[in-house]
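Here the structure comes first, spelled out in structure tokens, and everything after it is commentary.
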Amino acid sequence: MLYYKQMAELLFGTAGIPHSAWPLTTIDGIKRIAELGLGCMEIEFVQGIYLNEEEAHQVAETAVNSGVKLSAHAPYFLNFNSHEPRKIRASQGILHKAARMASICGAQSVIFHAGFYLGDPPEKVYQTVKRYLAEVIDRLKEEDIQLSLRPEVSGKGSQFGSIEEILKLCTELEGIAPAIDFAHWHARTGGFNSYKEFAYVLEQTKQRLGSAALDNMHIHISGIAYGQKGEIRHLDLVNSDLNYVDLLRALKDYRVKGLVICESPSQEDDARLLRDSYHSL
Ligand SMILES: [Zn+2]
């Protein structure tokens, strides 16, 4: 399993194929990322793992030739805390398949939503999620599949994935690394929108996982609409209250390296805004 392999810099890119790619294929998306001067792209397996092995090899080749780093987002419908054993098995199978395909694509990380509390005590949910994830990790290890599984910080109080839960999983399971979605955490808490709070998250990450974790971070940023229950939908940064400039400042001050994936509806426009703002600091 890859473990915080040091990245040279902080790269910016899109969640999925950029709108301005044509045709809208993964390969053309990667080429478009390079043309735009962006550094990375997250392959969206969110509605299904749409590549076959042969295509995945071509994706890997294109990414290497274009100098674009890849990650992949596993299907949305995983739930490692389902009350139906059948659905847990299915979640394990899907995450394994997404990880396998992502690794053929040359991605270093697969990002996923671990599940829902479903009214269970969070500590019990944590143990359940940990137990079933450990089985997926064992299987990937046996097959020598080299990549990090990255559970994502969630945007809703009903969804497993507080910063604390994600960092704890990373300390207790080898092969797990965090996917810190700052927009989600802002939406879920209604806070975490100041330099001090962003720095606190990075400080916690450093203290719990070691400074090497900051050398290979996976971060999601977008504008976000939220209410009492958290996330409602993603927005473009300009239409949202996300204090992305101070977030970027904290990332810079902590010398964070890795991938910043922009999940705004405008995709490449906001990814470039983030990149340019970061480099102008
Ligand atoms: Zn996600």
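The values are calculated or read from the model by the stated rules, or taken from the named source; none is laboratory data. Because the structure is a prediction, the values reported are computed rather than measured. Positions of Cβ are backbone-derived with ideal geometry, glycine not excepted, and every protein chain shown enters the neighbour counts. Ligands, DNA and RNA are excluded from the accessible area calculation, which covers all protein heavy atoms including side chains. Shrake-Rupley method; radii C 1.70, N 1.55, O 1.52, S 1.80 Å.
Out of the residues in segment 126-184 meeting the condition of being open to solvent by less than 10 Å² (accessible area, probe 1.4 Å) and of a type in the set (S, T, Y), tell me which one is farthest from the ligand (Cβ to nearest atom).
The extreme case among them is Y126.
Looking at segment 75-94, which of the residues that are within 16 Å of the ligand (Cβ to nearest atom) and part of a loop (DSSP other than H, G, I, E, B) is most open to solvent (accessible area, probe 1.4 Å)?
This residue is F77.
Quick one: I232 ticks every box in (1) away from the ligand (no atom under 16 Å from the Cβ); (2) open to solvent by 40 Å² or more (accessible area, probe 1.4 Å) bar one, so which box is it?
(1)
Kindly indicate the residue of segment 177-234 that is part of a helix (DSSP H, G or I) and among the hydroxyl-bearing types (S, T, Y) and also farthest from L251 (Cα to Cα) among those meeting that condition.
Result: T189.
Return the residues of segment 95-125 that are surrounded by 20 or more Cβ atoms within 10 Å (Cβ to Cβ), more than 16 Å from the ligand (Cβ to nearest atom) and assigned to a loop (DSSP other than H, G, I, E, B); say none if nothing qualifies.
C105, Q108
Restricting segment 35-68 to residues that are charged (D, E, K, R) and part of a strand (DSSP E or B), which is most open to solvent (accessible area, probe 1.4 Å)?
Selected residue: E44.
Filter segment 1-34 down to the residues that are among the hydroxyl-bearing types (S, T, Y) and in a loop (DSSP other than H, G, I, E, B) and list them by number.
Answer for segment 1-34, where residues must be among the hydroxyl-bearing types (S, T, Y) and in a loop (DSSP other than H, G, I, E, B): Y3, Y4, S20, T25.
Can you tell me which residue is nearest to the ligand (Cβ to nearest atom) among those in segment 243-266 that are in a loop (DSSP other than H, G, I, E, B) and open to solvent by 10 Å² or more (accessible area, probe 1.4 Å)?
This residue is E263.
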